[in-house]
Amino acid sequence: MSSALLVVAMGAALVVFGVLWRGSVRRPISPRRAREAQERLFAQRLRRAADMAIAAARRQAAPDEPAIIRVEDVIRVMSAQFGHHPVPRDQAAAALRERFEAGACRTDCLTDAFD
């Protein structure tokens, strides 16, 4: 009985030591990590907004016409869907270029993201 209690106590001590060593008790919120997480989330949402703008343009295009995707469309989707109002045009254009090339859009789409 006492050996089981000793094992449990040692395990609890190791857990406490590990939490203290990793720093989550000493500094639960790091401004640098929070900023990096916000930047990753913004970039992810910007790529998603570019995908949504491409899909909407493809739905609106006639069967024999190319879909026209503008950087303003990506900014509009980003503002409407994700609530990001100050979206830099250069970042929206970069995301649209990335998704334009990844989505095989060269055959049936046109964009102003390369201007």
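Quick rundown of the values:
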| read-out | value |
| --- | --- |
| Point-to-point label distance, E98-A37, nm (Cα→Cβ direction, 7 Å offset) | 2.0 nm |
| Rel. contact order, % - alpha carbon contacts under 8 angstrom, at least six apart, the chain | 24 percent |
| Matching label, P(r) over Cα pairs in 10 Å bins from 0, in percent computed from the structure shown, candidates (1) 13, 30, 17, 11, 11, 10, 6, 1, 0; (2) 12, 45, 37, 6; (3) 14, 46, 30, 9, 1, 0 | (1) |
| In Hz, Karplus ³J(HN,Hα) per residue of region 31-38 (6.51, -1.76, 1.60; θ = phi - 60°; x = Gly, Pro) | x, 5, 5, 5, 5, 5, 5, 5 |
| Efficiency of FRET from Cβ geometry, R89 and R48, R₀ 22 Å, rounded to 0.05 | 0.80 |
| GNM result for the chain, Cα springs below 10 Å: residue of A34, A93, A12 fluctuating most strongly | A12 |
| Burial ranking of peptide ranges 76-85, 2-11, 36-45 (average Cβ count within 10 Å, highest at the top) | 76-85, 36-45, 2-11 |
| Cβ charges +1 (Lys, Arg) and -1 (Asp, Glu), total dipole of the chain, debye | 800 debye |
| Residue among A12, S2, A94 farthest towards the positive dipole end of the chain, charges placed on Cβ | S2 |
| Distance between modelled label sites at A80 and D108, nm, 7 Å Cα→Cβ extension | 2.1 nm |
| Interchain or long-range residues, amide H under 5 Å from L110's placed H | A67, I68, I69 |
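Here, each number is a calculation from the coordinates, and none is a lab measurement. Not measured: the values here are computed from a predicted model. Virtual Cβ from ideal backbone geometry, glycine too; neighbours counted across all protein chains shown.
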